[in-house]
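Undergrad: Just passing along the structure, written as structure tokens.
Every read-out reported here was derived from the displayed coordinates using simple, explicitly stated rules and does not represent laboratory data. Note that the structure is predicted; figures quoted are calculated from it, not measured. Cβ: placed from backbone, ideal geometry, glycine included. Neighbour counts: every protein chain shown.
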Amino acid sequence: MTGERAGAERTRHIIFAALWVLILATLIWPVPTRMKPSPAVRSLHNTIETLPRNKLVILSVSWDVGTRGENGPQTSALINHLFKGGHRFAIFGWVFQPGPMLAEQIADSLAPRYGKHYGTDWVNWGFKAGGSPMLQALAKDIPGVIVEDLNHTSITRIPAMAGVKDWHDIGMVIDITGTSSLDSWVAFWQGVYGVPLGYACTGVMGPESFPYLDAGQIKGVVNGLVGSAEYEVLVGVSGQGQQRMTSQSAAHVLIIVLIIAGNLLMLRDRKRRAKAGG
Amino acid sequence: MFVPVHGIKFWIYIAAATGGWVALLALLHLLPARHKRALTVGLTFLAGLFYSLEFYLPAKARWLPHGKNPVSPLVVPMGSALNVVFGFTIALGLINLALIHGRNVARRRAGWHNSVAFFAAMISMVVFGLWQSYTPDSGKPAALGLSCAQVHRVYDVLFTGLFQALGATVFSILAFYMASAAFRAFRIRAAEAAFMMASAFIVMLGQVPIGRALTNWLPRHGTLSQFRLQELMNWILNSWSMAGVRAVAFGIAVGGLSMSLRIWLSLERGSFFEMRETKR
């Protein structure tokens, strides 16, 4: 290994170690932060506040463990709000198989706090294959497409599903995602039937949703970890979103410092080369 | 449209459907390539036509037969049929993986032990996943000397203890690469790069409390409040970035439309049989 390459490797290891130590330290000792909810987050919160209690809310859980760091706290904040507001909801996955099970763990852990029970206050439809054509069919016949819940109980025997037949009985769909699943909901549910849509996505996907928000096709956006922290503030709970804000702050600052350092080193090298050449 | 059946009738239907499909597939296999192609092209066109008519025809109109969209009632059974097709794709994926990794193990290729790990992971996840799914979480004995609760425990270890942790680990490695790439690759070599870096700094700092705190001294309302980092970030994302995203989305939509038409009409090169024919 040449000296230059060994130096680059050493620098890389130092960066990895710095990031690891920084994130670990800030996760162990988080600093309390004050969050001001953005208009997009506030809009989703207000929409849920005004939803009729007799309608079911669909939580489309289009994420898996890879994006749990962001989508997990979002799901938690939204379930907190739905439990608090007394809204029935259905956990539903159609992109990633583990999604409904991961969301179920979150709902199970939060339910005792609000005295909520599976089957009466929420239901888990599990994962359904079939993509967009399945979503089209779902809008027309929910019990016919879902058939049974995650525990193999017939949907028609679950109290939370009482009176739920098709899109008319759905108050809102909230797509919590780490992938581009929103387009299908917009095309086949919001666009065709006008069912209100909410969106919670990973930070990098946020900008893609703003045209939909601007056009009124989605009611609000919970964007990344910061969005879930803001949502927690609105719901009045202390969750992982706020707890992890210190880590995210530290990581962002480190990356900015690294970019500046990299550019300063580039300028130094350029000057040296100019001196050597001149 | 379809009425569920139970008991012996259910199993007769299953056997008849399986036998029918096997016979049909055997018959199709005997067809010459050009007839197979014509059949595939025809079915692709019909499937595309079905969803196009369902989407573009109005739900109700006087000029439609019986005043309603005639294909709409078929959307639900079509969705169920597609569910079955997707089920087959999962099976195909499993068979393909098993063949590739089976060959690796049989021929002791480099890294064959990874293939053994694949089989161990796949078999244990399939067995315990299905087993726990059809077993109540109780102290009753299940099978192989395990109680029902133990079956659930093993599944928990596999899913929560291994799958979740491993998946999250793989994804979190990205953060380390991003930090390293930020140091090595993000260099200001032109005015555009400087502009991009300034925007990136504002968005990154505007996303987190520490960045927002930097401009907390500015008033909350009035003209000066627009210079708070959070407001600047919102302005960049909602104006500049959104215009770009809209343009990209529009381009993708137009491209997607032309691509869909090509696939629907089987004009896409390499679709179906051309690849095989080219190889020959």
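Undergrad: Treating the angle as unsigned and between 0 and 90°, give the value, to the nearest 10°, between the Cα long axis of helix B:7-30 and the longest Cα principal axis of chain B.
TA: With both axes taken from Cα atoms, the answer is about 90 degrees.
Undergrad: Going by C-beta contacts inside 10 Å, put B:Tyr155, B:Tyr56, B:Tyr13 in order with the fewest on the left.
TA: B:Tyr56, B:Tyr13, B:Tyr155
Undergrad: Would you calculate the separation in nanometres between label points at B:Leu57 and A:Ala111, each defined as 7 Å from the Cα along the Cα-to-beta-carbon direction?
TA: 4.4 nm
Undergrad: Please work out the Cα convex hull volume for chain B and give it in Å³ per residue.
TA: Taking only Cα atoms, chain B has a hull volume of 354 Å³ per residue.
Undergrad: Another one. How would the range A:129-175 be classified by its alpha-carbon gyration tensor: rounded, prolate or oblate, with rounded meaning a/c under 1.5 and the a/b versus b/c comparison settling the rest?
TA: Cα axes put the range A:129-175 in the oblate bin.
Undergrad: As a test of understanding, state the convex hull volume per residue of chain A from its alpha carbons, in Å³.
TA: Considering the Cα atoms of chain A, their hull volume per residue is 176 Å³.
Undergrad: Using the alpha carbon gyration tensor of the range B:188-280, what are the three equivalent-ellipsoid semi-axes (square root of 5 times each eigenvalue), largest first, in whole Å?
TA: So the three semi-axes of the range B:188-280 are 48, 16, 11 Å.
Undergrad: Then there's this: For peptide A:247-257, what's the mean number of Cβ atoms from other chains within 10 Å of each residue's Cβ?
TA: For peptide A:247-257, the averaged partner shielding equals 5.
Undergrad: In the range A:71-165, which trypsin sites (Lys or Arg not before Pro) are in a loop and have at most 15 other Cβ atoms within 10 Å, using DSSP for the loop call?
TA: Sparse-neighbourhood loop trypsin sites (Lys or Arg not before Pro): A:Lys165.
Undergrad: What FRET efficiency would be calculated for the residue pair B:Ser138, B:Arg262, taking the C-beta separation as r and a Förster radius of 45 Å, to the nearest 0.05?
TA: Using R0 = 45 Å, I get an efficiency of 0.20.
Undergrad: Provide a whole-number value for the mean count of partner chain Cβ atoms within 10 Å of the Cβ atoms in peptide B:242-254.
TA: 3
Undergrad: On to the next question. Between B:Ala165 and A:Ala25, what is the FRET efficiency for a Förster distance of 25 Å, r being their Cβ-Cβ separation, to the nearest 0.05?
TA: Calculated transfer efficiency: 0.75.
Undergrad: Also, I was wondering about something else. For Cα pairs less than 8 Å apart in space and 6+ apart in sequence, what is the mean separation divided by the residue count of chain A, i.e. the relative contact order in percent? Working shown, then result.
TA: Values: 449 pairs, mean separation 72.3, N = 278.
26 percent.
Undergrad: Taking only DSSP H segments of four or more residues, each worth -39500 (n - 2.57), what value at 222 nm results for the protein assembly as shown once the sum is divided by all its residues, to the nearest 500 deg cm²/dmol? Each step should come with its number before you reach the end.
TA: Numbers: 22 runs with 339 residues, N = 558.
Only helices count here, giving -20000 deg cm²/dmol.
Undergrad: OK, next. So, counting K/R as plus one and D/E as minus one, what does the shell of residues with Cβ under 11 Å around A:Val95 add up to? Each step should come with its number before you reach the end.
TA: Values: positive: A:Lys128; negative: A:Asp64, A:Asp175.
Net of charged neighbours comes to -1.
Undergrad: Same structure again: Got the relative contact order for the range B:188-280 handy, in percent, Cα pairs under 8 Å and 6 or more residues apart?
TA: 18 percent
Undergrad: Would you mind pulling out the separation of the Cα centroids of the range B:236-268 and the range A:185-209, in Å?
TA: 16 Å
Undergrad: Let me ask something else. Mind checking the alpha-carbon convex hull of the range A:1-107 and giving the volume per residue in Å³? The partial results should precede the final answer.
TA: Working: hull volume 19.0 nm³, N = 107.
Each residue corresponds to 177 Å³ of Cα convex hull volume.
Undergrad: Just how large is the dipole of the range A:103-214 about the Cα centre, in debye to the nearest 20, putting +1 at every Lys and Arg Cβ and -1 at every Asp and Glu Cβ?
TA: For the range A:103-214, the charge dipole is close to 240 debye.
Undergrad: How would you rank A:Val221, B:Val116, going from fewest to most other Cβ atoms within 10 Å of each one's own Cβ?
TA: Exposure proxy ranking, most exposed first: B:Val116, A:Val221.
Undergrad: Still on this structure, I have one more. Compute, for the range B:188-280, the length of the dipole vector about the Cα centre, with Cβ point charges of +1 (Lys, Arg) and -1 (Asp, Glu) only. Units Debye, rounded to 20.
TA: 160 debye
Undergrad: To continue, here is another question. Taking the Cα centre of each part, how many Å lie between the range A:242-278 and the range B:200-229?
TA: If you average the Cα positions of each part, the centres end up 22 Å apart.
Undergrad: If contacts are Cα pairs under 8 angstrom and at least 6 residues apart, what is the relative contact order of the range A:63-213 in percent? The partial results should precede the final answer.
TA: On the way: 206 pairs, mean separation 35.0, N = 151.
It rounds to 23 percent for the range A:63-213.
Undergrad: Also, quick follow-up: If I stretch the segment between B:Ile12 and B:Val126 completely, what's the gain in nm (0.36 nm per residue apart, minus their alpha carbon distance), one decimal? Numbers along the way, then the final one.
TA: Working: separation 114, 0.36 × 114 = 41.04 nm, distance 2.71 nm.
Fully extending the segment from B:Ile12 to B:Val126 adds 38.3 nm.
Undergrad: Once the Cα atoms of helix B:75-106 and of chain B are each reduced to a long axis, what angle between those two axes, in degrees from 0 to 90 to the nearest 10, is obtained?
TA: 90 degrees
Undergrad: Still on this structure: Counting partner chain Cβ atoms within 10 Å of every residue's Cβ in B:173-182, what's the average? Don't skip to the end; give the middle numbers.
TA: Details: counts 1, 1, 7, 7, 3, 4, 12, 9, 6, 10.
Across B:173-182, the average partner-chain Cβ count within 10 Å equals 6.
Undergrad: Which ³J(HN,Hα) values in Hz, rounded to whole numbers, follow from the phi angles of the range B:119-131 under the Karplus curve 6.51 cos²θ - 1.76 cosθ + 1.60, where θ = phi - 60° and Gly and Pro get x?
TA: Listing the rounded values in order: 4, 4, 5, 5, 5, 5, 5, 5, 5, 6, x, 6, 4 Hz.
Undergrad: Next question, about the same structure. Most fluctuating residue of A:Asn124, A:Asn263, A:Asn54 in a GNM of chain A with Cα springs under 10 Å: which is it?
TA: A:Asn263
Undergrad: So for the protein assembly as shown, Kirkwood radius off the Cα pairs, Stokes-Einstein at 25 °C and 0.890 mPa s: how many µm² s⁻¹?
TA: Once the numbers are plugged in, D ends up at 90 µm²/s.
Undergrad: Using the number of other C-beta atoms within 10 angstrom as an exposure proxy, rank B:Phe250, B:Phe186 with the fewest first. If you can, show how the numbers build up before the last one.
TA: Details: B:Phe250 11, B:Phe186 17.
Fewest to most other Cβ atoms nearby, the residues stand as B:Phe250, B:Phe186.
Undergrad: So, one more: Roughly what angle does helix A:68-85 make with the longest principal axis of chain A, taking Cα atoms, 0 to 90 degrees, to the nearest 10?
TA: Between helix and principal axis, roughly 40 degrees.
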